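A.B. asks: Below is a structure I'd like to ask you about.
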Amino acid sequence: MSDRDYLGEFEHIIVLALLRLEDRAYGVTVRQEIEIRTKREVSIGAVYATLDRLETKGYVKSHRGDPTPQRGGRSKRFFRVTAKGVAAVNRTHHVLQSMTEGLDLIRSYS
Amino acid sequence: MTSPAGFVRPPRIAAWLVKLFASTEEESILGDLLEEYSDFASKVGVAFARRWYWRQAVKTVAHFVRSGFCAAPWSTSIAAIGGFLLLRFVSGLPDKVLSAVTDRYLAFWSTHFEAYTWMLNGMLIEHLIGSMFVGCVVALAAKGREMIATMTLALILCTLMGTAVVWVATHGRIEVAWMLWSSADPFAIVMGGVIVRTRRLAATTWLSKA
């Protein structure tokens with residue numbers, strides 16, 4: 001993976017959700033955090049598919065929690081952002097800022 | 001699985017579909033869905049929770065189908081096309097066997113006509129079993145993407161049949177029985193995929209428990 005890799009829109013949203021949730025980040029909390037903040041319904045499948053992709057790229061790491069009765073005896077899978085993931089978020093932010101700099105988006109294009 | 005007091009079971013078919021299509025992490029996904037489902041059921045009501053669960057299941061399955069195909073378009077296509085060619089070969093076999101048997105024992109069949117018609121009906125079932133066999137082979141070849149590969153093959157067949165139906169409709173009369181019979185092939189192929197996927201899931205669960 002090169003240093004010029006940027007995060008896709010949903011990848012970006014997921015990493016930001018993980019950073020917000022810190023050590024409470026697992027499927028349910030990530031999905032709810034995105035729904036609350038973006039006001040759009042997200043499927044749990046989309047969340048896991050993106051998290052798996054981010055883990056393959058080395059941007060997030062996961063570990064299993066203990067099984068709980070509320071989950072039918074299934075364990076939670078917790079996620080956290082790696083240093084490489086934080087660097088990717090910063091890079092993406094920087095690129096977006098550079099691209100929007102000087103643009104009066106509300107007045108010019110509304 | 002432990003069941004706490006007041007446990008409300010989520011829609012079984014929806015949970016089964018998620019399990020079938022999730023290539024990895026079906027345990028975490030089903031656990032997350034169950035946790036939120038129980039939460040909704042206790043706060044908003046079971047009817048709302050069931051609707052939410054179904055909506056999540058359908059969206060999740062659609063996402064896995066799309067992302068599964070995009071992740072390995074070539075291997076999935078090769079498995080489906082290989083299955084299509086195999087189906088062409090397998091679907092002709094019952095006819096060949098029937099011709100060989102009738103030619104060999106012509107005198108017997110002419111005196112036992114009922115048995116002959118029974119065998120003709122049996123051929124239709126053989127045809128379905130053949131399609132299911134092809135579905136199993138395709139699913140075995142597409143490890144981890146059993147459902148996507150068999151659904152791709154079923155989609156190819158449906159497209160061809162749709163074209164045939166349009167052609168027949170413009171050139172003559174369509175028989176409903178023929179249409180229904182034609183749609184049984186893709187269904188049998190997907191069923192083959194379901195069988196292989198279910199067997200693999202059971203084997204994985206057994207290995208993780210051992």
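A.B. asks: Among B:Val196, B:Val176, B:Ser208, which residue has its Cα furthest toward the positive end of the charge dipole of the range B:72-209, with +1 on Lys/Arg Cβ and -1 on Asp/Glu Cβ?
C.D. replies: Of B:Val196, B:Val176, B:Ser208, it is B:Ser208.
A.B. asks: Hey, another quick one. Are there GluC sites (Glu not before Pro) in the range B:115-208 that DSSP marks as loop and that have at most 15 other Cβ atoms within 10 Å, and which are they?
C.D. replies: Values: sites: B:Glu126, B:Glu146, B:Glu175; in loops: B:Glu175.
Passing sites in the range B:115-208 are B:Glu175.
A.B. asks: Mind checking the dipole of the range B:12-70: about its Cα centre, +1 per Lys or Arg Cβ, -1 per Asp or Glu Cβ, Debye to the nearest 20?
C.D. replies: Details: 8 positive and 7 negative charges, 82 e Å.
Charge dipole, the range B:12-70, about its Cα centre: 400 debye, nearest 20.
A.B. asks: Evaluate the charge dipole of the protein assembly as shown about its Cα centre and quote only its size in Debye, nearest 20, assuming +1 on the Cβ of each Lys and Arg and -1 on the Cβ of each Asp and Glu. Numbers along the way, then the final one.
C.D. replies: Values: 38 positive and 28 negative charges, 130 e Å.
In debye, rounded to 20, the protein assembly as shown gives about 620.
A.B. asks: I would also like to ask the following. Before anything else, pin down the relative contact order of chain A: Cα pairs under 8 Å, at least 6 apart, normalised by residue count, whole percent. Spell out each step's value before the answer.
C.D. replies: Details: 115 pairs, mean separation 32.8, N = 110.
Value for chain A: 30 percent.
A.B. asks: For each of B:Met132, B:Met119, A:Met99, B:Met147, count neighbouring Cβ atoms within 10 Å of the residue's Cβ, then give the residues from fewest to most. Don't skip to the answer; put the middle values down first.
C.D. replies: On the way: B:Met132 20, B:Met119 17, A:Met99 9, B:Met147 24.
So the ranking, lowest neighbour count to highest, is A:Met99, B:Met119, B:Met132, B:Met147.
A.B. asks: Between rounded, prolate and oblate, where does the range B:12-70 land on the alpha carbon gyration tensor, with a ≥ b ≥ c its root eigenvalues, rounded for a/c under 1.5, else prolate if a/b exceeds b/c?
C.D. replies: Details: a/c = 2.70, a/b = 2.00, b/c = 1.35.
Prolate, because a/c is 1.5 or more and a/b exceeds b/c.
A.B. asks: At 222 nm, what helix-only mean residue ellipticity would chain B give, in deg cm²/dmol to the nearest 500, using -39500 (n - 2.57) for each DSSP H run of four or more?
C.D. replies: Details: 8 runs with 181 residues, N = 210.
After summing the helix terms and dividing by residue count, I get -30000 deg cm²/dmol.
A.B. asks: So for B:Val65, B:Val176, fewest C-beta neighbours within 10 Å to most, what's the order?
C.D. replies: Values: B:Val65 17, B:Val176 7.
Least to most surrounded, the residues fall as B:Val176, B:Val65.
A.B. asks: Mean Kyte-Doolittle hydropathy of 0.5 or higher plus an axial Cα length of 30 Å or more: which whole DSSP H helices in chain B meet both? Intermediate values should be presented prior to the final figure.
C.D. replies: Values: long enough: B:46-71 (36 Å, 0.12); B:73-104 (47 Å, 0.68); B:113-141 (42 Å, 1.29); B:146-171 (38 Å, 1.57); B:176-209 (49 Å, 0.66).
Length and hydropathy pass: B:73-104, B:113-141, B:146-171, B:176-209.
A.B. asks: So, one more: Separation between the A:Val86 and B:Ala72 pseudo-spin-labels, each 7 Å from Cα along Cα→Cβ, expressed in nm?
C.D. replies: For the pair A:Val86/B:Ala72, the computed spacing is 3.6 nm.
A.B. asks: Explain nothing, just the number: relative contact order of chain B, from Cα pairs under 8 Å at least 6 residues apart, as a whole percent. Before the final figure, lay out each step's value.
C.D. replies: Numbers: 174 pairs, mean separation 46.0, N = 210.
Contact order relative to length: 22 percent.
A.B. asks: Provide the per-residue ³J(HN,Hα) series for the range A:76-82, in order, calculated from phi with Karplus coefficients 6.51, -1.76, 1.60 and θ = phi - 60°, each as a whole number of Hz, with x at glycine and proline positions.
C.D. replies: Per-residue couplings from phi come out as 8, 10, 8, 10, 9, 7, 8 Hz.
A.B. asks: Averaging sequence separations of C-alpha pairs under 8 Å and six or more residues apart, then dividing by the length of the range B:12-70, give the relative contact order as a whole percent. Spell out each step's value before the answer.
C.D. replies: Numbers: 34 pairs, mean separation 25.2, N = 59.
So the answer I get is 43 percent.
A.B. asks: Here are some pairs, A:Lys39/B:Lys143; A:Lys39/A:Lys84; B:Lys19/B:Lys143; which of them have Cα atoms lying more than 26 Å apart in this structure? Spell out each step's value before the answer.
C.D. replies: Working: A:Lys39/B:Lys143 37 Å; A:Lys39/A:Lys84 28 Å; B:Lys19/B:Lys143 15 Å.
Violating the 26 Å limit, Cα to Cα: A:Lys39/B:Lys143; A:Lys39/A:Lys84.
A.B. asks: Compute the Cα gyration tensor for the range B:72-209, then decide on rounded, prolate or oblate, letting a ≥ b ≥ c be the square roots of its eigenvalues: rounded whenever a/c is under 1.5, prolate when a/b is larger than b/c in the other cases, and oblate in all that remain.
C.D. replies: Values: a/c = 2.54, a/b = 1.48, b/c = 1.72.
Oblate shape, in that a/c is at least 1.5 and b/c is the bigger or equal ratio.
A.B. asks: Mind sorting A:Lys61, A:Lys76, B:Lys43 by how few other Cβ atoms lie within 10 Å of their own Cβ, fewest first? The partial results should precede the final answer.
C.D. replies: Details: A:Lys61 14, A:Lys76 22, B:Lys43 9.
By the 10 Å Cβ count, ascending: B:Lys43, A:Lys61, A:Lys76.
A.B. asks: Taking R0 as 35 Å, what's the FRET efficiency between B:Leu85 and B:Thr117 from their Cβ-Cβ distance, rounded to 0.05? Let's see the in-between values first.
C.D. replies: Details: r = 32 Å, r/R0 = 0.91.
It comes out at approximately 0.65.
A.B. asks: Amide H neighbours of A:Ala25 under 5 Å, at least 5 residues apart or on other chains, H built in the peptide plane: list them.
C.D. replies: Amide H to amide H, under 5 Å and 5 or more residues apart or across chains, A:Ala25 pairs with A:Phe79.
A.B. asks: Now for a separate question. Around B:Ile148, under 13 Å between beta carbons, what's the net of Lys plus Arg minus Asp minus Glu among the other residues?
C.D. replies: Values: positive: B:Arg66, B:Lys143, B:Arg145, B:Arg197; negative: B:Glu146.
Its environment carries a net charge of +3.
A.B. asks: Determine, from the Cβ-Cβ distance of B:Val168 and A:Arg40 and an R0 of 51 Å, the FRET efficiency 1/(1 + (r/R0)^6), rounded to the nearest 0.05.
C.D. replies: Details: r = 44 Å, r/R0 = 0.87.
After rounding, the FRET efficiency stands at 0.70.
Bear in mind that the values in this text are calculations on the coordinates, not laboratory data. All figures in this text were calculated on a predicted structure; none of them were measured in a lab. So basically every Cβ, Gly included, is an ideal-geometry build from the backbone, and we count neighbours across all protein chains shown.
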